[in-house]
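Can you read through this structure? Questions will come right after.
The values are calculated or read from the model by the stated rules, or taken from the named source; none is laboratory data. What you see is a predicted model; the values in this text were computed from it and never measured. Cβ: placed from backbone, ideal geometry, glycine included. Neighbour counts: every protein chain shown. Note: accessible area is taken over every heavy atom of the protein model, side chains too, but ligands, DNA and RNA are not part of it. Shrake-Rupley method; radii C 1.70, N 1.55, O 1.52, S 1.80 Å.
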Amino acid sequence: MAYVYANLKTPQNVQSGVADYVLIAREADFAVDGIKCPKAPFTNPGDEVRIKEDHEFLPTKGFAKFALAPEKNQLSAKTIGDKGFQKLDFEASVFIPGSYAELHETVKNLMNVPLVALVKDSNCEANMFYQLGCDCVKAYLSVDFTTGTTKDGVKGYEGKLTYSNGYVQLYEGEITYLP
């Protein structure tokens, strides 16, 4: 395929940040072969990183939507590996506010479990979701909990969703939420 890189001369979607929520699903909640990743045919520029198929879940399963504290969240990717073997190491830094039994239980059940996460870009009109996790390499959650002090600070989980892959993946399918 002959690519046309005309859009690289005019940057698009330059507003910084990610949305104030993240979507997370456990690998175990997907149907067999239900986790989707970029798939041929690659006919248009950008198709190699776009996920156009809908994820498929087991009955009554889907993405859990976590509200995040405003202005405390970001997604970054850094190059790792030796030359010729490099890939990107992704980290979504999120702050899940609060301290209540359902949150603590949910975090307990997501740690050390393979995940797929969708992080929405802050440019809402673009409706762009970055996907962390795919069919053969999943994302993982690590967290630190703090109550802050009675004078200042924040209460909740400072979390990191980590994932290593060769490129940014953009999910364009329909989103199934937990009932």
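About its Cα centre, what dipole magnitude does segment 100-179 give when the only charges are +1 on Lys and Arg Cβ and -1 on Asp and Glu Cβ, stated in debye to the nearest 20?
Charge dipole of segment 100-179: 300 debye, to the nearest 20.
Quick one: which residues, 5 or more positions from Phe30 or on another chain, have an amide H under 5 Å from its amide H? H modelled 1.01 Å from N in the peptide plane, none for Pro or chain starts.
Residues meeting the criterion, in which the H sits 1.01 Å from N, are Leu58.
In Å³ and rounded to a whole number, note down the convex hull volume per residue for the Cα atoms of the chain. All intermediate terms of the calculation are to be shown ahead of the outcome.
Working: hull volume 27.1 nm³, N = 179.
Given the Cα convex hull of the chain, per-residue volume reads 152 Å³.
Right, another one. About the Cα centre of the chain, what is the dipole size in debye to 20, counting +1 per Lys and Arg Cβ and -1 per Asp and Glu Cβ, all else neutral?
I would put it at about 300 debye.
List every residue whose amide H lies under 5 Å from the amide H of Asp54, counting only residues 5 or more places away in sequence or on a different chain, with H placed 1.01 Å from N in the peptide plane.
Amide H neighbours of Asp54, under 5 Å, 5+ apart: Glu174.
Continuing with the same structure: Counting just the Cα atoms, what span does segment 105-179 cover along each of its three principal axes? Round to the nearest Å and put the largest first.
Reported extents, whole Å, longest axis first: 43, 31, 31.
Might you report the magnitude of the Cβ-based charge dipole of segment 65-118 about its Cα centre, with Lys and Arg at +1 and Asp and Glu at -1, to the nearest 20 debye? Write out the running numbers ahead of the final one.
Numbers: 6 positive and 6 negative charges, 30 e Å.
Computed about the Cα centre, the dipole is about 140 debye.
Something else: Return the carbon/sulfur percentage of the accessible area of the chain, one whole number, probe 1.4 Å, all protein chains in place.
About 52 percent, which is the carbon plus sulfur part of the accessible surface.
Can you work out the Karplus-derived ³J(HN,Hα) for every residue in segment 139-156? Use 6.51 cos²θ - 1.76 cosθ + 1.60 with θ = phi - 60°, whole Hz, and x for glycine or proline.
8, 9, 10, 10, 9, 10, 9, 9, 9, x, 9, 6, 8, 7, x, 10, 10, x
Which percent of Cα-Cα pairs in segment 35-85 sits in each 10 Å bin, short to long?
Spelled out bin by bin, segment 35-85 gives 16, 24, 41, 19, 1 percent.
Evaluate the relative contact order of the chain (contact order divided by residue number), counting alpha-carbon pairs under 8 angstrom at least 6 apart; express in whole percent.
29 percent
Do any cysteines in the chain lack another Cys Cβ under 4.7 Å, and if so which?
Isolated Cys, the chain: Cys124, Cys136.
Let me ask something else. What whole-number value in Å² describes the accessible area per residue of the chain for a 1.4 Å probe?
Per residue, the chain has an accessible area of 61 Å².
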